[in-house]
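Remarks on the structure that follows.
FYI, it's all coordinate maths here, none of it is from the lab. Here the structure is a predicted model, which is why all the values come from computation and not from measurement. Virtual Cβ from ideal backbone geometry, glycine too; neighbours counted across all protein chains shown.
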Amino acid sequence: MSDADTRRVRRAALSIGLWVGVSSGVIVAIGIGVLIAVILSTSRREGEEHGGGWFGGPAGTGDDFIVDIDVIVPAVIVLGVIGVVLLGVVAAVAARRSVRPLGEALRRQRNFVADASHELRTPLTTLTSRIQVLQRRHDRGEDLGAGLTDLRHDADMMADVLNDLLIAAEGESLADGTADVAAAAAAAAAIAAMTASAQDSEVSLTITVDQEVKAQLPEVTLVRILVALLDNAVQHSPARGNVSIRIARDARNATVRVIDEGSGIEGISPEQVFERFARPRESGRPRSFGLGLSLVRDVARRAGGSIEVERSTTSGTTFLLTLPAHP
């Protein structure tokens, strides 16, 4: 368990302990107050008629007070039952609050496994394609030097993606301005990673740079979210279609548009495409788990940016990624 998780658990335990203590104290105090009120309202001075009461009848001449057991005992029993029920409610609420950090930890664990499986799929596909090419070159007796260099680069990229996922699992913000990357360079790296998949789908990939700009986040992070956007665009593009990345800058932000020539978003609203595991029902397409765009949104938000569907028609869809730009 990391230090942050340890502090989170300790804060939760302290909060729950205080809540249970205060709630139990309030219940006990109310019970005692009600019991005292019952005793005072049903007691009488010695010599008074039964039912005169402390509040309900004239004061007698005796100095001793009489409490009717047949009135007090049922009141004590009723108050005890009510107290047990209320304390049971407090215990149930405390139990739910106490397991909340565990539920959050399990959710983050499941999300990390799903995210890692999704994010490593593209690098693994690229590695497999590289290995197949190297095997064919080896069988023909050709030089393998360039292919091995590319293979090493792809393996390093996979390691970087995994490290970035581990950092994201800690929930750290990326909007601290400590890292920046040229958007055009990151886009070129993303296209290189998606080339094999795009060729299999007979889709071309292009970049247009309207204005050079640096985004304030680590290079591997920008590359992997652009890969996710390209992967989504390639999956929804027709054969011999084109997917383009257009890079520009506004007053404060870097803007990256990923444009495809598909049939648009169908069967789901544009806002829902960024929800985890949300995906339209489509036939004839590779199975999609609805994770890529959700990961893009999570990373963009941690970096202080955003992602949205700028346009979606039957002639194509445009995703607009906005990120803080380096001054």
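So if we plug the beta-carbon distance of residue 84 and residue 105 into 1/(1 + (r/R0)^6) with R0 = 35 Å, what FRET efficiency do we get, rounded to 0.05?
0.60
Report the residues of the range 308-327 in range of a label on residue 211: point 7 Å along Cα→C-beta, backbone N strictly under 15 Å from it.
In the range 308-327, the label zone of residue 211 (backbone N under 15 Å from the point 7 Å along Cα→Cβ) covers 322-327.
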